[in-house]
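Student: Sending over a structure as structure tokens; questions will come in a sec.
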Amino acid sequence: MQAEQDGEARTRGIWERAAPHYDRRIRLYDRYLVRDGRAWVCGQARGRVLEVAVGTGLNFPCYARDTELTGVDLSPAMLGRARRRAGELGVRVTLTEASATELPFPDGAFDTVVCTLALCCIPDDRTAVAEMRRVLRTGGTLLLIDHVVSHHPVVRAVQRLIDPLSVRVAGDHQLRRPLHLVREAGLVVVHRDRYSLGTVERLAAVKPATPTPAPASGPVTATGNP
């Protein structure tokens with residue numbers, strides 16, 4: 001428990017320091033690697049929507065205007081910037097400081113859960129995915145996009161090389177792949193695709209009425225490499 005608390009405190013500190021510069025630093029990454037990923041994820045969000053690790057609110061313009069949106073983040077500084085962005089855009093959103101591994105909502109509270117470019121930086125990503133599943137209603141959809149370990153040998157070798165430094169400095173894991181955790185949590189993956197040399201993956205998964213053993217069964221629309 002103490003280790004988890006220390007990990008979250010460290011992560012909060014990283015994002016508190018990063019908040020003033022985050023939008024500028026992520027701009028080129030979004031343009032050339034993530035590309036339309038945010039719009040793809042947020043454009044499918046329906047009903048009561050929870051965005052986990054909402055950050056500075058960069059996704060806000062991508063949601064439909066009538067979205068019933070709630071956002072959580074570990075960093076007060078990031079949330080402050082998200083509130084300002086929401087005000088400037090006229091977006092109605094409820095923002096709460098909370099950990100992704102301990103979401104302050106009852107079971108089945110949301111129709112859609114969104115998480116973009118954040119599971120790579122959450123210390124306990126397995127518990128975070130389990131919490132996202134918990135707060136989804138039966139039949140609800142989890143929508144994710146993140147940078148992941150590449151299938152390309154050369155790119156993967158570079159990721160392995162820089163992973164220890166990026167984890168130590170920024171808490172940013174280069175070798176994760178949320179797809180496996182989503183399946184492990186019993187969600188049914190209905191779409192997934194990878195691009196940017198396999199370093200970016202986006203997926204949609206549905207919470208079934210009964211737990212589904214991993215790997216998830218059922219139809220999957222997949223593009224790009226496994």
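Student: Suppose every Lys and Arg Cβ carries +1 and every Asp and Glu Cβ carries -1, with no other charges. What dipole size does the chain come out with about its Cα centre, to the nearest 20 debye? Please report the intermediate quantities before stating the final value.
Tutor: Working: 31 positive and 25 negative charges, 121 e Å.
Once rounded to the nearest 20, the dipole reads 580 debye.
Student: A follow-up question, please. In the neighborhood of residue 182, defined by Cβ-to-Cβ distances under 10 Å, what is the net charge if each Lys or Arg adds +1 and each Asp or Glu adds -1? Numbers along the way, then the final one.
Tutor: Details: positive: 133, 177, 183, 192; negative: 184.
Net charge in that neighbourhood comes out at +3.
Student: Towards the positive end of the charge dipole of the chain, with charges on Cβ (+1 Lys, Arg; -1 Asp, Glu), say which of 158, 117, 135 has the farthest Cα.
Tutor: Looking along the dipole axis, the top candidate is 158.
Student: Whose amide H sits under 5 Å from the amide H of residue 190, counting only residues 5 or more places off or on another chain, with H placed in the peptide plane?
Tutor: The answer is 204, 205, 206.
Student: Something else about it: List the cysteines in the chain whose Cβ has no other cysteine Cβ under 4.7 Å from it.
Tutor: If one checks each Cβ against the other cysteines of the chain, 115, 120, 121 turn up with nothing under 4.7 Å.
Student: Can you compute the radius of gyration and Dmax for segment 91-173, using only the Cα atoms, both in Å?
Tutor: 15.4, 44
Student: If you add up the charges near residue 97, with Lys and Arg at +1 and Asp and Glu at -1, over every other residue whose beta carbon is less than 15 angstrom from its beta carbon, what do you get? Could the numbers behind the result be given before it?
Tutor: Details: positive: 12, 81, 83; negative: 8, 16, 51, 73, 102.
Taking every other residue near residue 97 into account, the sum is -2.
Student: For a quick protection proxy, order the peptides 108-117, 8-17, 49-58 by their average other-Cβ count within 10 Å, most packed first.
Tutor: Values: 108-117: 22.7, 8-17: 15.8, 49-58: 25.5.
Ranking the peptides 108-117, 8-17, 49-58 by packing returns 49-58, 108-117, 8-17.
Student: Picking from 173, 152, 191, which is most flexible by a Gaussian network model of the chain using Cα springs under 10 Å?
Tutor: 152
Student: Next question, about the same structure. Nearest 5 percent is fine: what portion of the DSSP beta bridges confined to the chain is antiparallel? Mind showing how you got there, number by number?
Tutor: Working: 14 of 36 bridges.
Antiparallel bridges: around 40 percent, rounded to the nearest 5.
Values quoted throughout were computed directly from the atomic coordinates according to the rules given, and no laboratory measurement underlies them. Bear in mind that the values here come from a model prediction, so they are computed numbers and not experimental data. FYI the Cβ positions are ideal-geometry reconstructions off the backbone, even for glycines, and counts take in every protein chain you see.
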